[in-house]
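Engineer: Have a look at this one before I ask anything.
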Amino acid sequence: MPNLFRRLFDVLAGSTQADLRRQIQYLKAENEVLRAKIDGPVRVTPGERLRLVRLAKPLGSAIKALVSIVSPQTFLRWIRDADKCRPRKKTGRKPGRPKSPEQIRRLVLRLAKETGWGYTRILGELKKLGVKVSRSTVVNILKDAGLPTGPERGEATWDQFINSHAKTLWACDFLRHRIVTKCGFRDAYTLVFVNVATRRAVASACTEHPDAEWVAAQVPMFKAAAGDGATECRVLTRDSDTKFGRPFDDALRAHNITPVRLPHRAPNLNAHVERFIQTVQDECLDRFIVLGTRHLDYLIAEFLEHYNRERPHSAIRFRTPMGRPPPLRLADHPTAVRCRTRLGGVLRHYYRMAA
C-alpha cells in the first residue's frame, strides 16, 4: 500500500494541469465503481473522518461535487463538528479587560475602609505613592467590594471617635458601695477614671457627700495620676449625672481636658468604666463587709495595684494596663511559679521565678 501511494504521488508531481484533471476524473470514476461494490453505508473511524476533513477543507465548496462516501450535507456537518472540537489556545485569563493587580486592589480597599475617603481622595493618595491606576479602576474596585465611592459625610460614628482618641481618651463614673458606719449603713462614692486604650484605672478617695465642689476638687488629683506621657488625658467622657455639673467641666478645661457629656440612659457609650466598676464589685468589694470610708479606700487601693500591674486583660492581648516585664524562663521545678496574694488571698497574682 505505501508503494501504491508513492507511485501515485510521483505521477501527480510529474503531470501537467490537464493531466491532473484527467487523473482526477479517472480516480473519481474508480471510486464510484468501488463504492458500488459495497453494500450499505461506509463506516469510517474517527481518525479516518478527521483525515478526510483535513484534506477537504482547502478545497472549499468544490468538495460538494467530489464527496461520494457520504452526502455533501453530512460531510459539511463533519467539518462543523471538527471545528467545535478543535482545542483552543489558552490565554491564561478570562475574556475582557484584565483585572487590576491584587496588590493594588487590596491597597484601595484598605484606604477606603480605614479612612472613609471617596475615590478621588484615594486616587490622589495612590498617585502620591507612585501607583499608576486610573480613576475608573478605583471606582470599579470600590463597587465590586460593595463600598461607597463617595466620601463619608456628616459626623463621625461613636466607634470612630473612640478609635481616633483611644490613647488620650479617659472615661469616668461613680462607684457606689454600701458601707457600715457608727450611724448605720451609708452609701460611699468613689470617682473612678479608666483609660480606653490601656485600661489603666485611677480612683479618688471616697466620700459620703459627692457634691459638685468635691467632684471638681478631684480633677487635679486625676491630672497628676494620669501623667504627661502618651496616655495623657485630652478628652474625658462622663454621663449626665447631676453630681458632675458645670464646676467639674470648668476644672477639666482649666487642665486642658475636653469634657464630653454622654446622652441620658446610654451606659454602652461608657462601657469601659462601667465594666471596671463591675469588676471591682465582683472580684473585691462584694467579698467584704466594708467598715467605713477608710476601709473602702484601702480595698480599692489594693485592687487598683493588682488591676493595673498584675491582672492581665484580654482586650490588650493579656497584658497589664501598666505593662509587664519580659517573661522569665520557666524552670523545670514546679516551685518556679510563685503566687502573691492581696487582701487575705482574695486577689492572687502568679509570676515566674528566674531559673
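The values are calculated or read from the model by the stated rules, or taken from the named source; none is laboratory data. Computed from a predicted structure; not experimentally measured. All Cβ positions, even for glycine, are placed from backbone atoms using ideal geometry, and neighbour counts span all protein chains on display.
Engineer: Going by the structure shown, is Thr120 of a type in the set (S, T, N, Q), modelled with pLDDT under 90 and part of a loop (DSSP other than H, G, I, E, B)?
Structural biologist: Answer is no for this residue.
Engineer: Could I ask something else about it? State which residue is farthest from Ala271 (Cα to Cα) when the search covers only region 178-225 and only residues that are under 45 Å from the mean Cα position of the chain (by Cα) and of a type in the set (D, E, K, R).
Structural biologist: Once the filter is applied, the top-ranked residue is Lys223.
Engineer: Moving on to the next point. Any idea which residue in region 40-86 is surrounded by the fewest Cβ atoms within 10 Å (Cβ to Cβ), counting only those that are over 60 Å from the mean Cα position of the chain (by Cα) and of a type in the set (D, E, K, R)?
Structural biologist: Arg43
Engineer: Here's something else I'd like to know. With the condition kept exactly as written, say whether any residue in region 304-322 is modelled with pLDDT of 90 or more, in contact with a Leu (Cβ under 8 Å, 6 or more places away or on another chain), of a type in the set (A, V, I, L, M, F, W, C) and surrounded by 15 or more Cβ atoms within 10 Å (Cβ to Cβ).
Structural biologist: No, every residue in region 304-322 fails to be modelled with pLDDT of 90 or more, in contact with a Leu (Cβ under 8 Å, 6 or more places away or on another chain), of a type in the set (A, V, I, L, M, F, W, C) and surrounded by 15 or more Cβ atoms within 10 Å (Cβ to Cβ).
Engineer: Continuing with this model, one more query. Inspect all residues belonging to region 55-68 and state whether any of them is at pLDDT 80 or above, in a helix (DSSP H, G or I) and over 30 Å from Asn140 (Cβ atoms).
Structural biologist: Scanning region 55-68 turns up no residue that is at pLDDT 80 or above, in a helix (DSSP H, G or I) and over 30 Å from Asn140 (Cβ atoms).
Engineer: Only residues that are of a type outside the set (Lys, Arg) and either in contact (Cβ under 8 Å) with a residue 60 or more places away in the chain or part of a loop (DSSP other than H, G, I, E, B) (or both): list them for region 38-54, please.
Structural biologist: Ile38, Asp39, Gly40, Pro41, Val42, Val44, Thr45
Engineer: Just one of (1) among the charged types (D, E, K, R); (2) within 30 Å of Arg135 (Cβ to Cβ); (3) at pLDDT below 80 trips up Arg105, so point out which.
Structural biologist: (3)
Engineer: Quick check on Arg178: is it at pLDDT 95 or above and either of a type in the set (Lys, Arg) or more than 25 Å from Phe248 (Cβ to Cβ) (or both)?
Structural biologist: So Arg178 fits the description; yes.
Engineer: Oh, and also: Being without any contact (Cβ under 8 Å) to a residue 60 or more places away in the chain and among the charged types (D, E, K, R) is the filter; apply it to region 167-211 and report the residue that is nearest to Met221 (Cα to Cα).
Structural biologist: It comes out as Asp211.
Engineer: Write out, first by first residue and then by second, each pair whose Cβ atoms fall under 7 Å of each other, whose residues are 6+ apart or on separate chains, and whose first residue, in region 271-286, is buried (at least 19 other Cβ atoms within 10 Å of the Cβ) while the second is small (Gly, Ala, Ser).
Structural biologist: His272/Ala171; Val273/Ala171; Phe276/Ala201
Engineer: Out of region 121-135, which residues are more than 18 Å from Glu102 (Cβ to Cβ) and loosely packed, with under 12 Cβ neighbours inside 10 Å?
Structural biologist: Those that are more than 18 Å from Glu102 (Cβ to Cβ) and loosely packed, with under 12 Cβ neighbours inside 10 Å: Gly124, Lys127, Lys128, Arg135.
Engineer: What is the one condition in (1) under 40 Å from the mean Cα position of the chain (by Cα); (2) in contact (Cβ under 8 Å) with a residue 12 or more places away in the chain that Val290 does not satisfy?
Structural biologist: Failed condition: (1).
Engineer: Give the residue that is modelled with the lowest pLDDT, with candidates limited to residues of region 216-267 that are closer than 23 Å to Glu305 by Cβ, out of contact with any Cys (no Cβ under 7 Å at 6 or more places or on another chain) and among the aliphatic types (A, V, I, L, M).
Structural biologist: Ala230
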